[in-house]
1. Taking the chain as a Gaussian network, where each spring joins two C-alpha atoms under 10 Å apart, which residue of 215, 105, 302 fluctuates the most?
2. Nearest 10 degrees is fine. How inclined is helix 209-219 to the longest principal axis of the chain, computing both from alpha carbons?
3. What ranking of 295, 70 emerges when the number of other C-beta atoms within 10 Å of each C-beta is taken as an exposure proxy, fewest first?
4. Of 250, 152, how do they rank once you tally other Cβ atoms within 10 Å and put the fewest first?
5. With the cut-off at 1.5 for a/c, could you classify region 53-141 from its C-alpha gyration tensor as rounded, prolate or oblate?
6. Could you grab the relative contact order for region 70-114? Cα pairs under 8 Å, six or more apart, rounded to a whole percent.
7. If a paramagnetic tag sat 7 Å from the Cα of residue 393 along the Cα-Cβ line, which residues of region 338-365 would have the backbone N under 17 Å from that point?
8. GNM on the chain, C-alpha springs below 10 Å: top fluctuator among 124, 287, 137?
């Protein structure tokens with residue numbers, strides 16, 4: 001008999017049991033930091049930009065010298081030495097002067113505004129004629145406008161994105177303190193499972209879940225190790241599971257999680273270490289017999305053997321486990337609201353996650369339920385996400401708006 005937990009209870013258990021998991025800190029080159037999780041906070045040690053600079057090609061001015069400038073009455077200002085890119089200005093700007101400045105050039109001391117070059121006339125004499133006024137601060141980005149010295153930029157646990165590499169590069173950070181990459185073992189069980197290079201006979205099927213789980217783990221920047229296919233023998237599963245758990249931070253076991261005669265995963269988890277099984281049964285469809293255990297400090301999950309169920313459960317719960325163990329800022333996957341294209345009945349009494357394809361029609365996102373069963377995989381490759389139906393709901397009607405959990409790496413552009 002399964003002691004079924006709610007989805008929210010399971011999320012709480014994952015956070016409670018695994019958020020203190022210890023991962024060593026290592027320092028990696030900036031170019032290798034994308035996707036990694038910061039091991040400490042990052043504080044700006046200097047102003048960015050380090051100096052006041054122009055955002056346009058134009059003329060640096062003292063704003064009050066241009067206050068009356070217009071098309072009919074341009075301001076006539078003495079031309080000073082032009083600002084050179086990458087060099088300090090040659091002189092301070094004094095009243096009655098203007099100097100050419102390129103985009104990104106350093107503002108000369110004394111200047112407090114810039115007039116765009118399109119609003120100037122140069123007749124080849126010693127003056128420049130400006131047909132527009134510059135308000136104080138016009139077309140200037142001031143020192144520290146982007147990042148201020150002492151500003152907290154990133155907290156410990158942030159996953160580094162491409163833009164973050166740019167922030168670190170701007171600060172001159174060439175090596176980044178990150179948490180060690182998690183390692184996860186994958187074990188697939190079942191007498192009917194054969195390797196993918198083998199032609200199935202009778203009721204045999206090729207191993208799908210090893211590759212599905214490997215792909216999901218890699219998408220989360222986890223080092224994944226496949227330990228092969230094990231028959232429905234408690235002793236054989238325990239032997240390989242013990243080896244895999246010793247060599248990894250967590251272990252995913254596919255198959256053997258339901259309450260049938262040959263379903264051995266719960267027994268194995270209890271034998272691998274204390275406290276053993278924490279959850280055996282979640283009020284979710286698909287994947288009700290999912291198992292979550294802790295053996296020592298490490299996590300062991302028993303996932304459904306059916307491919308669609310295994311991938312759905314991994315998307316919901318394995319990703320939450322990874323975030324807890326990495327100490328990563330919680331994202332709980334990206335979600336959006338979409339309208340349902342057709343009626344979908346649901347009275348299972350469980351939270352249901354329904355694979356769906358997404359498309360945009362004018363200003364709204366629509367979700368099309370993808371027909372398929374838990375034992376199939378083809379329709380899952382067309383899924384951009386999962387329509388989330390709460391356990392108290394009795395399905396959805398055409399046109400209803402529902403929450404959709406986006407699949408990792410989904411190609412839909414929201």
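A short reminder: the numbers here are calculations on the coordinates, not readings from a lab. Since we're looking at a predicted model, the values are computed, not measured. Using ideal geometry, Cβ is built from the backbone for each residue, glycine included, and neighbour counts are taken over all protein chains shown.
1. Most flexible of the set in this elastic network: 105.
2. Approximately 20 degrees, to the nearest ten.
3. Numbers: 295 22, 70 13.
By the 10 Å Cβ count, ascending, the order reads 70, 295.
4. Numbers: 250 24, 152 9.
Sorted ascending by nearby Cβ count, the order is 152, 250.
5. Numbers: a/c = 1.58, a/b = 1.37, b/c = 1.15.
Judged from the Cα gyration tensor, region 53-141 comes out prolate (a/c at least 1.5, a/b above b/c).
6. On the way: 63 pairs, mean separation 17.2, N = 45.
Answer for region 70-114 is 38 percent.
7. 338-359, 365
8. So, out of 124, 287, 137, the one fluctuating most is 124.
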